[in-house]
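J.: One structure, as structure tokens, below. Some questions next.
Readers should treat all values here as calculations from the given coordinates under stated rules, not as data from a laboratory. Bear in mind that the values here come from a model prediction, so they are computed numbers and not experimental data. Here Cβ is always computed from backbone atoms with ideal geometry, including for glycine, and neighbour counts include all displayed protein chains.
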Amino acid sequence: MCEVYDFPQKDDMDAMKTAISIFLDTRNGPTRNVMQGVLKFILDKYKIDQIKFVDYIIERGKQGGVRIIPRKMAHGRECPGCGEVIYKRPENGGKVVFLSILQGDDGDLATYGCGGCKCVFGKWEEIK
Ligand SMILES: [Zn+2]
């Protein structure tokens, strides 16, 4: 029997959220790779280009990768969820990690995730 899904099942949506959450907890290369693999696998499974979540949108990138588009924005240098400083280095206890970037004519929209409060948010990055 061939099963056809037209909308991602809850289990798959949960797997994507979990993969992001584990990366935000650990913030290392191997879990980043696992996260990207899970996100791409599920987009491929449903043959779709985008899945919308409450806090972010998972989207297929132009070069075969996956990007995470934020719905929440940081207006300063801190995580909008808990106030953790975005640019603090991990060796100094920084918990905010870079997730993905969307390049545009007006600037680049970087997506960050916070390991402290699990918030995913965006910030416009300007070249100075
Ligand atoms: Zn936070």
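J.: Based on DSSP H runs of at least 4 residues, each adding -39500 (n - 2.57), what is the mean residue ellipticity at 222 nm of the chain after dividing by all its residues, to the nearest 500 deg cm²/dmol?
T.: Mean residue ellipticity, 222 nm, calculated: -9000 deg cm²/dmol.
J.: Of 18, 119, 97, which is farthest towards the positive pole of the chain's charge dipole, taken about the Cα centre with +1 and -1 on the beta-carbons of Lys, Arg and Asp, Glu respectively?
T.: Checking the options against the dipole of the chain, the answer is 97.
J.: OK, next. Give, rounded to the nearest 20 debye, the magnitude of the charge dipole that the chain has about its Cα centre when Lys and Arg contribute +1 at Cβ and Asp and Glu contribute -1 at Cβ.
T.: 280 debye
J.: Using the basic label-point model (7 angstrom from Cα toward the beta carbon), what is the residue 72 to residue 10 distance in nanometres?
T.: 2.3 nm
J.: Quote the FRET efficiency, to the nearest 0.05, computed for residue 18 versus residue 88 with a Förster distance R0 of 25 Å and r equal to the Cβ-Cβ distance.
T.: Efficiency, from the Cβ-Cβ distance: 0.45.
J.: Can you give me the angle between helix 10-26 and the longest principal axis of the chain, using Cα atoms only, in degrees from 0 to 90, rounded to the nearest 10?
T.: In the chain, helix 10-26 runs at an angle near 30 degrees to the longest axis.
J.: OK, next. State the number of lysine pairs found in the chain whose Cα atoms come within less than 12 Å, restricting to pairs 8 or more positions apart or on distinct chains.
T.: Total qualifying Lys-Lys pairs in the chain comes to 4.
J.: Can I ask one more? How large is the dipole of the range 28-67 about the Cα centre if only Lys and Arg carry +1 and Asp and Glu carry -1, each at its Cβ, rounded to the nearest 20 debye?
T.: Using Cβ point charges on Lys, Arg, Asp and Glu, the range 28-67 gives about 100 debye.
J.: Give me the one-decimal Kirkwood hydrodynamic radius in Å for the range 40-87, with the sum taken over alpha-carbon pairs.
T.: 12.3 Å
J.: Any idea what diffusion coefficient the range 10-125 gets from Stokes-Einstein, in µm²/s, Kirkwood Rh on alpha carbon pairs, 10 °C, 1.306 mPa s?
T.: 111 µm²/s
J.: Relative contact order for the chain: what percent, with Cα pairs under 8 Å and sequence separation of 6 or more?
T.: Relative contact order, the chain: 19 percent.
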